[in-house]
1. Of the conditions (1) surrounded by 14 or more Cβ atoms within 10 Å (Cβ to Cβ); (2) touching a residue at least 40 places away in the same chain (Cβ under 8 Å); (3) not in a loop (DSSP other than H, G, I, E, B), Leu146 fails just one. Which one is it?
2. Which of the residues that make up segment 161-211 are of a type in the set (A, V, I, L, M), farther than 26 Å from Asn151 by Cβ and touching a strand residue (DSSP E or B) at 6+ places or on another chain (Cβ under 9 Å)?
3. Which one of the conditions (1) part of a helix (DSSP H, G or I); (2) in contact with a Gly (Cβ under 8 Å, 6 or more places away or on another chain) does Lys134 fail to meet, given that it meets all the rest?
4. If you take the residues of segment 96-111 that are open to solvent by 10 Å² or more (accessible area, probe 1.4 Å) and of a type outside the set (D, E, K, R), which of them is nearest to Ser197 (Cα to Cα)?
5. Just name the residue that is nearest to Ala255 (Cα to Cα) out of those in segment 65-79 that are in a helix (DSSP H, G or I) and open to solvent by 40 Å² or more (accessible area, probe 1.4 Å).
6. Taking segment 178-220 as the region of interest, how many residues are open to solvent by 70 Å² or more (accessible area, probe 1.4 Å) and hydroxyl-bearing (Ser, Thr, Tyr)?
7. If I go through segment 112-143 residue by residue, how many of them are open to solvent by 50 Å² or more (accessible area, probe 1.4 Å) and either modelled with pLDDT under 95 or within 22 Å of Gly33 (Cα to Cα) (or both)?
8. Tell me which of these Val203 doesn't satisfy, since it passes every other one: (1) part of a helix (DSSP H, G or I); (2) in contact with a Pro (Cβ under 8 Å, 6 or more places away or on another chain).
Amino acid sequence: MSSPSPVAVVPGAEPFSADGGRIGVLLSHGFTGSPASMTPWGKHLADQGYTVRVPRLPGHGTTWKDMNRTRWEDWYAELDKTLTELRTKCDKVVVAGLSMGGGLGLRLAQQRPADVDALVLVNPAINLKRFDVKLVPAMQWFIPGLPGIGNDVKKAGADEVGYDKTPLKALASQLKMWKDIRANLGKVTQPLLLLRSNDDHVVDISSKELILANVSSSVKEFVELKDSFHVATIDNDAPLIFDHASAFISEHVGAASA
C-alpha cells in the first residue's frame, strides 16, 4: 500500500537558508505560523554575514488538518536536526524564536547547552493563564479545531502565512511540551534577550515572567515592544527587534565577520 502524498507547501511558507560566516543563527516560527514570520529577519542577518536557517516546522505551512497529525516532538526534532547541521558549519550558534518557537529554543538550550550560545526570544510562549486552555486535553477528542490565532499583526498588509484554525490535537501536544520546558528553566544558562509586545492578543505576560524569573542566565535583557501585536517580527517593531538582536549577538557571541 502506497504512503499518502505529502501535502503541498503554501506559497510564502517555504524555509529560508543562507550561508555566511562562522556564527550561525537558527530562527524558529511559532505555532500554526510559518517561516514567513521569520524570513525577513533571517535575510537581515544574512545580509550582515551570519549563516542563517529558518526551517519549516512539520505540519506548518500546509493545512491545519495536516498539522493536527504532528506533535511537539516532530517540531522539536526539526529544530534539533537543523541545529546539528549548523554546528557543522559554525563555531557558535544563536537560537531565536517567536512564540512557540521561543519555547522550542528554550528546550534546545536546556537539552544542548554546549551547542546553543545565546537565545533571542520574541513573545515567547510557554504558558497561558486562560482557563479554557485546561479544557484542551479533553476537547481534542471531540473537536478537531477552533478559530485560529494567526496574523495577530498591527501593521497593515503583513502576513505570517498561518492557519485560520487551531488544530486541537497539536495544541494539546504543545501544552505537554510547555510543562516540560517550565520544569527545566533553571537549566538555561545562555545569554538571553527577551522582547515582548505590550499589546499581545495571543500570549499573556505569564510566559515572560516565568522565563525571566527562573532561567539561570547571568545575562538577561528585556526589551518592550510598543507598536506591535503578537507576530512582532513582521510588525511595526521589526526594525527595532532586528537591531537589538544584532547588537546583542555581536556583544555576547560575536560579529558575523568574526
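1. With respect to (1) surrounded by 14 or more Cβ atoms within 10 Å (Cβ to Cβ); (2) touching a residue at least 40 places away in the same chain (Cβ under 8 Å); (3) not in a loop (DSSP other than H, G, I, E, B), Leu146 is out only on (2).
2. Initially, segment 161-211 is screened for residues of a type in the set (A, V, I, L, M), giving 161, 168, 170-172, 175, 177, 181, 183, 185, 188, 192-195, 202-203, 205, 210-211.
After this cut, where a residue has to be farther than 26 Å from Asn151 by Cβ as well, the list is 183, 185, 188, 192.
Within segment 161-211, Val188, Leu192 meet the criteria.
3. Answer for Lys134: the failing condition is (2).
4. At the first step, the residues of segment 96-111 found to be open to solvent by 10 Å² or more (accessible area, probe 1.4 Å) are 99, 107, 110-111.
Imposing the further condition that a residue be of a type outside the set (D, E, K, R) reduces the set to 99, 110-111.
Working: Ser99: 11, Gln110: 25, Gln111: 28 Å.
The residue in question is Ser99.
5. Of all residues in segment 65-79, those in a helix (DSSP H, G or I) come to 65-67, 72-79.
Okay, now just the ones that are also open to solvent by 40 Å² or more (accessible area, probe 1.4 Å), so 65, 73-74, 77-78.
On the way: Lys65: 42, Glu73: 33, Asp74: 32, Ala77: 28, Glu78: 26 Å.
The selected residue is Glu78.
6. Looking only at that region, the number is 2.
7. The initial filter retains those residues of segment 112-143 that are open to solvent by 50 Å² or more (accessible area, probe 1.4 Å), namely 113-114, 129-132, 134-135, 137-138, 141-143.
Adding the requirement that they be either modelled with pLDDT under 95 or within 22 Å of Gly33 (Cα to Cα) (or both) leaves 129-132, 134-135, 137-138, 141-143.
Counting residues in segment 112-143 that are open to solvent by 50 Å² or more (accessible area, probe 1.4 Å) and either modelled with pLDDT under 95 or within 22 Å of Gly33 (Cα to Cα) (or both) gives 11.
8. (1)
The values are calculated or read from the model by the stated rules, or taken from the named source; none is laboratory data. Bear in mind the structure is a predicted one, so any value in this text is a computation, not a measurement. Every residue, glycine as well, gets a Cβ built from its backbone with ideal geometry; the counts of neighbours run over all protein chains shown. Just the protein is used for accessible areas: all its heavy atoms, side chains included, with ligands, DNA and RNA removed. Shrake-Rupley method; radii C 1.70, N 1.55, O 1.52, S 1.80 Å.
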